[in-house]
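Heads up, the thing below is written out as structure tokens.
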Amino acid sequence: MHSLLLAIALIPAAGHAGSGFVHIPAGEFRSVLKYEDVTGPVKVPAFALMRTPVSNADFLAFVRKHPEWQRGRAAPVFVEADHYLSHWQSPLVPGPNAAPQQPVTRISWFAATAYCESLNARLPTWNEWEYVAAADRTRRDARSDPAWREELLRWYAEPSSGTLPPVGRQAANAYGIQDMHGLVWEWTQDYAAMLVSGDNRTQSDPDKAKFCGAGALAIEDKEDFAVMMRVAMLSSLEAVNSTSNLGFRCARSIP
């Protein structure tokens, strides 16, 4: 039975280019976040993750089948009308500013969630994303390597105003996953619970109870600047927001 479920998890989603899922084995790791209710390493159950972020071609196939998510038709409560897919030439024509194999961006959390649900999938949790993002080409956890950290920081320091490369151009990491760094920021399922403080003096501040999840998290590893920047960006967003360098990929739970 387990082998059958694994085979299903690895089947590429029909009609969506480049959207194959890769099995990620269970494991544990030291998260950059410190959870008040977790001591020691964070345990991550086995799951499946898209090899690459969702592309414009992938999302175009989705909005053709689900017109309620087309630009101009998506409900304002779910998207920012002025920003949602605003770089596409028209609702069903991505055009010259959104090449088919470039990662889709200017997507709200709601739209990303709906896309994943259409594939019987979901957005990855932060722990799942961080767990896979810790890997380089040969090691499942390369974060202690200063050279690798410096390589990541060079990308985060670059302006994001240029044309985005196609998905899948980077070498796969040790899990077989591509583009975890160096292409786009990515939505996670639980982004709204990531309002954190890097100052331990504020961790007992009762005002933090006003914010969803704020009392649960603190920055544990202040040297992992690249991942801290991801946390800071995600924790600043609302679910309707979209930006020119924010995309997503989907995940599937494995029973």
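Brief remarks on what is shown
- Residue tally, condition farther than 18 Å from G162 by Cα and assigned to a loop (DSSP other than H, G, I, E, B), over the stretch 90-106: 2
- For the stretch 176-201, filtering for residues that are among the charged types (D, E, K, R), modelled with pLDDT under 80 and part of a loop (DSSP other than H, G, I, E, B) leaves 1.
- Looking across the stretch 27-70, the residues that are among the hydrophobic types (A, V, I, L, M, F, W, C), at pLDDT below 95 and out of contact with any helix residue (DSSP H, G or I) (no Cβ under 6 Å at 6 or more places or on another chain) come down to L33, V38.
- Considering only residues in the stretch 229-245 that are touching a strand residue (DSSP E or B) at 6+ places or on another chain (Cβ under 7 Å) and either surrounded by fewer than 19 Cβ atoms within 10 Å (Cβ to Cβ) or at pLDDT 95 or above (or both), the one that is nearest to V54 (Cα to Cα) turns out to be N245.
- Check on A112, out of contact with any His (no Cβ under 7 Å at 6 or more places or on another chain) and either in a loop (DSSP other than H, G, I, E, B) or at pLDDT below 95 (or both): no
- Selection of strands (runs of 3 or more DSSP E) fully inside the stretch 27-76 by the criterion of at least 2 residues being of a type in the set (A, V, I, L, M, F, W, C) and surrounded by 22 or more Cβ atoms within 10 Å (Cβ to Cβ) returns 47-50.
- Taken as a whole, the condition of being at pLDDT 60 or above, more than 30 Å from A99 (Cβ to Cβ) and either surrounded by 17 or more Cβ atoms within 10 Å (Cβ to Cβ) or of a type in the set (S, T, Y) (or both) applies to D224.
- Applying a threshold of 7 Å to beta carbon distances and a minimum spacing of six or more residues, or different chains, the list of pairs starting in the stretch 155-175 at a residue that is within 20 Å of V54 (Cβ to Cβ) and at pLDDT 90 or above and ending at one that is outside any loop (DSSP other than H, G, I, E, B) and hydrophobic (A, V, I, L, M, F, W, C) reads Y175/V22; Y175/I24; Y175/V132.
- Among the conditions (1) at pLDDT 95 or above; (2) crowded, with 16+ Cβ neighbours inside 10 Å, R139 misses just one, which is (2).
The values are calculated or read from the model by the stated rules, or taken from the named source; none is laboratory data. Bear in mind that the values here come from a model prediction, so they are computed numbers and not experimental data. Neighbour counts are summed over all protein chains in view; Cβ atoms, including those assigned to glycine, are modelled from backbone coordinates with ideal geometry.
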